[in-house]
Amino acid sequence: MSATKTKQQLLDELKERIDAANVTPELKAQATQLVFADGSAEAEIVFIGEAPGKNEDEQGKPFVGAAGKFLNEMLEMIGLKRADIYITNIVKYRPPNNRDPEPAEKEAWLPYLQQQLDIIQPKLIVTLGRHSMDVLLPGLKISQVHGQPKRYHDRVYLPLFHPAAALYNGGMRQTLIDDFALIPAILKKI
Ligand code: URA
């Protein structure tokens with residue numbers, strides 16, 4: 001009889017399957033490494049960004065550059081640490097020169113993101129920016145729905161602006177901070 005696998009073991013196996021599957025080979029060929037995820041497999045909240053940038057590509061972890069620093073600050077404001085959450089991107093290899101991920105690339109990666117979510121089964125999924133919102137909550141406008149929890153296909157989502165977009169835009173920065181502050185109450189309600 002085999003013991004039940006932990007979520008972390010299942011995620012490790014998924015990571016191996018991704019390596020073997022050769023997803024978006026053109027991106028893979030130009031990237032330093034796969035940027036799979038960071039944080040706890042047992043987290044109640046999963047954050048989903050767009051794609052790794054230069055720092056993430058070099059370090060193999062999501063959100064370790066300027067946007068990540070801002071994200072860490074906002075987590076701290078609501079009493080959370082990076083180790084309390086799970087964080088990943090839709091596209092897991094860095095697009096050249098940080099260009100936007102193409103629709104075909106997002107589509108190629110979506111099944112793997114869905115498997116991550118199926119394993120973790122978080123209470124709340126926070127999408128950061130329009131790219132991760134579009135693949136999981138199609139047809140919405142981020143300017144209209146940011147900060148509003150959405151129940152869709154048995155999961156609860158909170159669409160937020162992307163910290164990189166808000167970093168140097170005073171108004172959007174404050175909006176993102178205000179939206180972030182809603183997270184504890186939303187979690188309590190679920
Ligand atoms: N922006 C993202 O969307 N993801 C990262 O990992 C870093 C910056």
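The values are calculated or read from the model by the stated rules, or taken from the named source; none is laboratory data. All values reported here derive from a predicted model rather than from experimental measurement. Cβ: placed from backbone, ideal geometry, glycine included. Neighbour counts: every protein chain shown. Side chains are part of the model used for accessible areas, which takes the heavy atoms of the whole protein and leaves out ligands, DNA and RNA. Shrake-Rupley method; radii C 1.70, N 1.55, O 1.52, S 1.80 Å.
Taking amide H as placed 1.01 Å from N in the peptide plane, residue 129 has its amide H under 5 Å from the amide H of 160, 161, 162, each at least 5 places away in sequence or on another chain. Couplings for the stretch 183-190, taken from phi via the Karplus curve 6.51 cos²θ - 1.76 cosθ + 1.60 with θ = phi - 60°, read 4, x, 5, 5, 4, 4, 6, 5 Hz in order; Gly and Pro are left as x.
Under the convention that each Lys and Arg Cβ holds +1 and each Asp and Glu Cβ holds -1, the size of the dipole of the stretch 7-189 around its Cα centre is about 440 debye. Listed by chain and number, the aspartates and glutamates whose alpha-carbon sits under 17 Å from that of residue 141, ignoring those within fewer than 8 places in the same chain, are 50, 179. What percentage of the solvent-accessible surface of the chain, computed with a 1.4 Å probe over protein heavy atoms, is contributed by carbon and sulfur atoms? Roughly 50 percent, rounded to a whole number.
Under a 5 Å amide H cut-off, with hydrogens placed 1.01 Å from N, residue 89 pairs with 49 among residues at least 5 apart or on other chains. Residues considered: 155, 94, 173. Largest GNM mean-square fluctuation over the chain, using C-alpha springs under 10 Å, is found at 155.
Sequence-ordered 3J(HN,Hα) estimates for the stretch 32-48 from the Karplus curve with 6.51, -1.76 and 1.60 and θ = phi - 60° stand at 6, 6, 6, 10, 7, 4, 8, x, 9, 5, 9, 5, 7, 10, 10, 9, 10 Hz, glycine and proline given as x. For the residue pairs 150/188; 15/188; 92/189; 69/92, the C-alpha atoms sit more than 26 angstrom apart in 15/188; 92/189.
Rolling a 1.4 Å probe over the heavy atoms of the protein chains gives the stretch 7-189 an accessible area of 48 Å² per residue. Rounded to the nearest Hz, the phi-derived 3J(HN,Hα) couplings of the stretch 81-87 under the Karplus curve 6.51 cos²θ - 1.76 cosθ + 1.60 (θ = phi - 60°) are 10, 4, 5, 8, 10, 10, 9, where x marks glycine and proline. The convex hull drawn around the Cα atoms of the stretch 7-189, when projected onto a plane and averaged over every direction, covers 9.6 nm². Taking label positions 7 Å along the Cα-Cβ direction at both residue 185 and residue 123, the computed distance is 1.6 nm, reported to one decimal.
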